[in-house]
Amino acid sequence: MDQPAHPPDPDALPLGPRQRALLAALREANAELSCQALHERLSQSSQRHGLATVYRHLRRLQRSGLVRCRKLPNGESVYAPLERDDHHLICVSCGRSEPLPICPVGTGGLGLTQVLLQGFKPLFHTFEIHGLCRSCQQREPLAHG
């Protein structure tokens, strides 16, 4: 089943003003944001949000197919608007994360069909390759042969 070419239109969804503010802040950011970083940005604006409220609204935006989430090697979750289709190379030694220039999954969803999905409705995907960056390979050449 192909992934939608575009995320749902937020104007067509029943989003409240706080959810719209979260989505706008994510779209204005030039990188993925943790919930804490998003909370901090919003606390500097006229719309105050409690941290628990930010988490709750981020989950709703994910379920609506407007926001994607990925876990960093340290376990922290970071969020971005769905239209920002970033994928990463992640070093397991130093934790460095480099974006890939293209989406290797593409709109074909790795060839997933209705039969394989068994009724599952994809909203977003993440793609990460874990390994060793050049710097870590040079620092520890014998350990990683």
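The values are calculated or read from the model by the stated rules, or taken from the named source; none is laboratory data. Everything numeric in this text was worked out from a predicted model, so none of it was measured. A quick note on method: Cβ atoms are made from the backbone with ideal geometry, for glycine too, and the neighbour counts reach across all protein chains shown.
Within region 25-70, the residues that satisfy the criterion of being within 16 Å of Asp85 (Cα to Cα) and among the small types (Gly, Ala, Ser) are Ala29, Ala31, Gly65. Taking the listed residues Ala52, Ala24, Ala31, the one that is modelled with pLDDT of 85 or more, in a helix (DSSP H, G or I), among the aliphatic types (A, V, I, L, M) and loosely packed, with under 14 Cβ neighbours inside 10 Å is Ala52, with no other qualifying.
Scanning region 55-82 for residues that are aromatic (Phe, Trp, Tyr) and crowded, with 18+ Cβ neighbours inside 10 Å returns a single hit, Tyr79. Restricting attention to region 66-95, the residues that are without any contact (Cβ under 8 Å) to a residue 40 or more places away in the chain and either among the β-branched types (Val, Ile, Thr) or in contact with a Cys (Cβ under 7 Å, 6 or more places away or on another chain) (or both) add up to 1.
Within region 120-145, take every residue that is surrounded by 13 or more Cβ atoms within 10 Å (Cβ to Cβ) and polar (S, T, N, Q) and give me the one that is modelled with the lowest pLDDT. Among those residues, the one meeting the criterion is Thr126. Among the numbered criteria (1) outside any loop (DSSP other than H, G, I, E, B); (2) surrounded by 15 or more Cβ atoms within 10 Å (Cβ to Cβ), which one does Asp85 miss? Answer for Asp85: the failing condition is (1).
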